[in-house]
Amino acid sequence: MADLRVDFYITPAGNARLGLACKLAEKAYLAAHTVLIWHTDAAELQALDEMLWMFRDGSFVPHEVLATIQTDGADTPVLLSCGPLPAGELDVIINLAAEVPEFLPRAKRVVEIIDGDEGRRQAGRARYRAYLERGVQPASHNL
C-alpha cells in the first residue's frame with residue numbers, strides 16, 4: 001500500500017465536488033487511465049452520471065453506471081458504482097463515499113474531494129487519518 005497515491009482536493013464551495021469529480025474523471029480518462037467513481041449514495045451517483053454528459057461544452061467522458069451494464073465494464077474507461085465492482089486493478093478511484101473504500105488495495109491512486117459541507121469535511125478528516133494509519137501520506141490541494 002506504500003505505492004498508493006492519495007490526493008485530497010479541498011474546495012470551499014458548498015456542493016462543488018460533483019463538478020470537480022467530472023473534471024478529474026475527464027482528466028484521468030484523457031490520460032488513458034481507468035476510473036471508478038465510488039459512492040454509497042445512489043441518487044447522487046445518478047446526478048453525477050447525468051452531469052458527466054453535460055458538465056462542460058465539448059467534453060466527452062465515456063462512462064457507465066456499473067450496475068446498469070451487463071459486463072464487467074472492462075471496455076468503459078470511467079465507471080460509476082455504489083455496489084458492484086469492476087474486475088481487476090483500478091488506476092484511479094474517485095471516492096465520493098464517507099468511508100475509505102474497502103477495495104483500496106486494488107487501486108494505484110485515490111482522489112478524495114472535500115467541499116464546504118461540514119459533515120463531508122468531518123468525514124474527510126476521518127478518511128485522512130485512516131490513510132495515515134495505513135501508512136499512506138495523502139497530499140492536499142486547496143482549490
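The values are calculated or read from the model by the stated rules, or taken from the named source; none is laboratory data. Please read these numbers as outputs of a predicted model, since none were measured by experiment. Neighbour counts are summed over all protein chains in view; Cβ atoms, including those assigned to glycine, are modelled from backbone coordinates with ideal geometry.
Below, the figures for the structure above:
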item: Within segment 51-63, tally of residues that are among the acidic types (Asp, Glu) and at pLDDT 90 or above; result: 0
item: Tally, over segment 117-143, of residues that are in contact with an Asp or Glu (Cβ under 7 Å, 6 or more places away or on another chain) and among the basic types (Lys, Arg); result: 1
item: Filtered residues of segment 2-20 (kept if touching a helix residue (DSSP H, G or I) at 6+ places or on another chain (Cβ under 8 Å) and modelled with pLDDT of 95 or more); result: Val6, Phe8, Tyr9
item: Whichever residue in segment 99-113 is surrounded by 15 or more Cβ atoms within 10 Å (Cβ to Cβ) and modelled with pLDDT under 95 and, among such residues, is farthest from the chain's Cα centre (by Cα); result: Arg106
item: Answer residue from segment 1-45, given it is of a type in the set (Val, Ile, Thr) and in a strand (DSSP E or B) and is surrounded by the fewest Cβ atoms within 10 Å (Cβ to Cβ) among those; result: Ile10
item: The one condition in (1) exposed (fewer than 15 other Cβ atoms within 10 Å of the Cβ); (2) over 21 Å from Phe8 (Cβ atoms) that Thr76 fails to fulfil; result: (1)
item: Filter result for Pro77 (modelled with pLDDT under 95 and closer than 16 Å to Leu24 by Cα); result: yes
item: Complete set of residues in segment 110-137 that are of a type in the set (Gly, Ala, Ser) and in a helix (DSSP H, G or I); result: Gly119, Ala123, Gly124, Ala126, Ala130
item: Residues of segment 87-96 that turn out to be crowded, with 19+ Cβ neighbours inside 10 Å and assigned to a loop (DSSP other than H, G, I, E, B), as a count; result: 1
item: Residue check, Ala31 modelled with pLDDT of 85 or more and either more than 19 Å from Val111 (Cα to Cα) or of a type in the set (Gly, Ala, Ser) (or both); result: yes
